[in-house]
Amino acid sequence: MTPNSARPAPQANHRMHLDIPLGVVIGFAILAHLTHMPVWAIPLVIAGLMWRFFHEWRGWPRPPQFLLISLGFMAGLGVFLSYHSLWGRDAGTALLTLAALLKLLETRATRDQNALLLLGFFLTISLLLFDQSMTTTLLTLILFAGLITAWIGLSNPNLTAIKPRIRAAGGLMLAGLPIAIMLFVLFPRPPGALWGTQQPTAQQAKTGLSDSLTAGEFEQLATDDAPAFRVSFQGAMIPPAERYWRVLVMSREINGTWHAKIPHSFDTLTPPDLFPSLNHEITYTITLEPSERRWMPSLAVPIALPPNTVLSDTASLFSSRSLIDRTRYTVTSATQYRLEPNTLSRADRIENLTLPKGDPQLKLLAQPWQGLPALEIRDRILNYFHTKGFSYTLRPGKLTGDNRMDAFLFQTKKGYCEHYASAFTLLMRAAGIPARIVTGYQGGEVIADYLLVRQADAHAWSEIWVEGQGWIQVDPTTMVAPERIDTGFANAAAQDDTLPDSLRGNESIARQWAKLNDRLENGWNQYILGYSGSTQIDFLQNFGLKNLNTGMQLFLSLMATLLTWAGVFFVWKKISQANHPVSNAEKAWQPLERALQRLNLPRHAGETLAAYIERAANALPTHRTQLKQTQSLYSQWLFAAHFGKKSQALAKIKAKNLARQLYWLYWRKKLIRR
């Protein structure tokens, strides 16, 4: 239906329909933010979206203005009370989402739809403030394409069909892709996170490992197939038996719970006495998932640290800031070393010999071993686990009471890694040997050229102090489940029904899909999200561009972008000319028609040229004569049998001069309105 077609007379209940692509995209963008909203806002959002839907579908009335104003004040107050601020990522996006909802409910005119369109762009891009995964980025691009589709329809009321608008939006995004790539590769990248200071979400705050350990706690992680970190080695990948990823050291046991030794001040931290063995060093790069913690996994004992990190006195690696973003760092570790071999301070010795008040049977078991060499005591305890009917299980059940380790050693004899590490450590202490627990991860799955370590790979083992040798790693779990270390966690717990398919050692469809998905995510993390300022400098040096300051790099990126834009424009123009051949007469006429469109005089579908110019002349009486003359020349050029070159030149000049006058008229009117 054209704008001049007959329509029913306006009635009291006449309403303007919301542009369909705009309404759909705004609705989905608001729903995508639901997981980031306070709980009280969720029913408000759902009710608002349903109200607008039924307004379009069933003709429900719009909410009254006073209700929208009241909801606006209440929403602002609710956000402030929920976040104690109106500033920051979470509070800001909550306000933005609620503002978009209220604007959606209010929208009635074209001006409102344009404002809603602008809000939609901010709402869509804010999704990346919470998650920059491949899935979220794809969703953002789809919503962005929908907004461009809506923008094309709002800027061209005659184009009501959806498919041509989608094709036009796709073409615009495709044309902008080379420019986006050029800016991504060359534009100077600031240090730190792209979005500035971020606040962790509940999902980001999930670390898998805490700073305390209670027997049975790791059961919660046993079926968690979420990635903890990924490792790329410089050189050959180490064998499974050496894949012990150290995180925290725990020496204090209080009421059955072990507590990690976390340094409170990094400025006064003294690194341990460490003597690495030559020719037993390995360099690797870890991509660590967000955790909101400061501890960082490392292989064995680190000897070359990444920037902004410190090594604690227990040889654990800590960051100087909370790791609320995905973090990529490179470490060199010694796989053979002596850690504090010469002496143990009195405080450390007392702390690592302290026993709980309960567990009398455990103490009685260790009594005959007192006075024996430390390594002999170690072997006797390991042999006890190996020969006394102990088994490895993900569901050992809860140990209660004051004598939990007695119950484990002499009754249940079923446990997970933390049960064996706890019992071994206490037995060594009861025999007079300093001992402590180390928590971290063990193993990992080889995928392509990197190692994927999941939360389910969380593990606990022990360290004992031997004079002249220092702290020695001992893993008592190997005595009851050697396959846990040799072939991985999945094989050790293959009989457990609760183990998800993605963790099992078989090659099921679910497992294959999980591996493919992780490869894609790892590539995305490394080459897109991991493209930092230092990576950019290394990339530019491959082309001989060394020691560029920020100004020169900015100039280079802008020049390259302009050249890319010029190339895209040239190709676009050639393709358009090939697909839609335009005669010389039409080329001369098009600037004039565009000038009339700017003055809200577009040509209607099916309207003849004579009728169009007559309507324009009535709207612009001061230009009537020029419009008629130019239209006459254009008609002759199109339909006359012979239209000479001089006449063509005259028609071009007439159309060009008239178009320029109409452009000036447009800008004068616009300035007067302001």
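The values are calculated or read from the model by the stated rules, or taken from the named source; none is laboratory data. Owing to the predicted nature of the structure, the values given are computational and were not obtained by experimental measurement. Cβ coordinates were reconstructed from backbone atoms using ideal geometry, including for glycine residues, and neighbour counts include every protein chain displayed. Remember, those area values only see protein heavy atoms, side chains included, never the ligands or the DNA or RNA. Shrake-Rupley method; radii C 1.70, N 1.55, O 1.52, S 1.80 Å.
Taken about its Cα centre, the chain carries a charge dipole of about 5060 debye when Lys and Arg each add +1 at the Cβ and Asp and Glu each add -1 at the Cβ.
Its relative contact order, with pairs defined as Cα atoms under 8 Å and 6+ residues apart, puts the chain at 13 percent.
For I447, the residues whose modelled amide H falls within less than 5 Å of its own, excluding neighbours fewer than 5 places apart on the same chain, are L452.
Taking all protein chains into account, the per residue accessible area for the chain stands at 53 Å² (1.4 Å probe). Which of K363/K388; K587/K656; K628/K652; K573/K646; K573/K670 have a Cα-Cα distance over 20 Å? From K363/K388; K587/K656; K628/K652; K573/K646; K573/K670, over 20 Å: K573/K646; K573/K670. Counting only Cβ charges, +1 for Lys and Arg and -1 for Asp and Glu, the dipole size of the stretch 47-173 around its Cα centre is about 420 debye. Reducing the stretch 77-125 and the stretch 368-398 to their Cα centroids gives an inter-centroid distance of 61 Å. Taking 1.567 mPa s as the viscosity and 4 °C as the temperature, the Stokes-Einstein diffusion coefficient of the stretch 234-376 based on its alpha-carbon Kirkwood radius rounds to 74 µm²/s. Extension gain for the segment A448 to F80, taken as residue separation times 0.36 nm less the Cα-Cα distance, is 127.7 nm to one decimal. Fully extending the segment from D538 to T412 would add 39.6 nm, taking 0.36 nm per residue of separation and subtracting the current Cα-Cα distance. Remark: spin-label model distance L34-L554 equals 4.3 nm, labels positioned 7 Å along the Cα→Cβ axis. Proximity of backbone amide H atoms, modeled 1.01 Å from N, is registered between R328 and L288 at under 5 Å, excluding neighbours fewer than 5 places apart on the same chain. Positive end of the dipole of the stretch 606-674, charges at C-beta (+1 Lys, Arg; -1 Asp, Glu), about the Cα centre: which of L665, S635, A651 has its Cα farthest in that direction? In the stretch 606-674, that residue is L665. Net charge of the neighbourhood of I447, taken over other residues with C-beta under 12 Å away and scored Lys/Arg +1, Asp/Glu -1, is +1. Helices of the chain meeting both criteria, an alpha-carbon length of 24 angstrom or more along the long axis and an average Kyte-Doolittle score not below 1.0, with helices taken as full DSSP H segments, are 65-83, 134-155, 162-186. Using every Cα-Cα pair within the chain, state what percent have a distance larger than 49 Å. Of all Cα-Cα pairs in the chain, 38 percent lie more than 49 Å apart. Amide H to amide H under 5 Å from W60: which residues, 5+ apart in sequence or cross-chain, H placed 1.01 Å off N in plane? It is H55, by chain and number.
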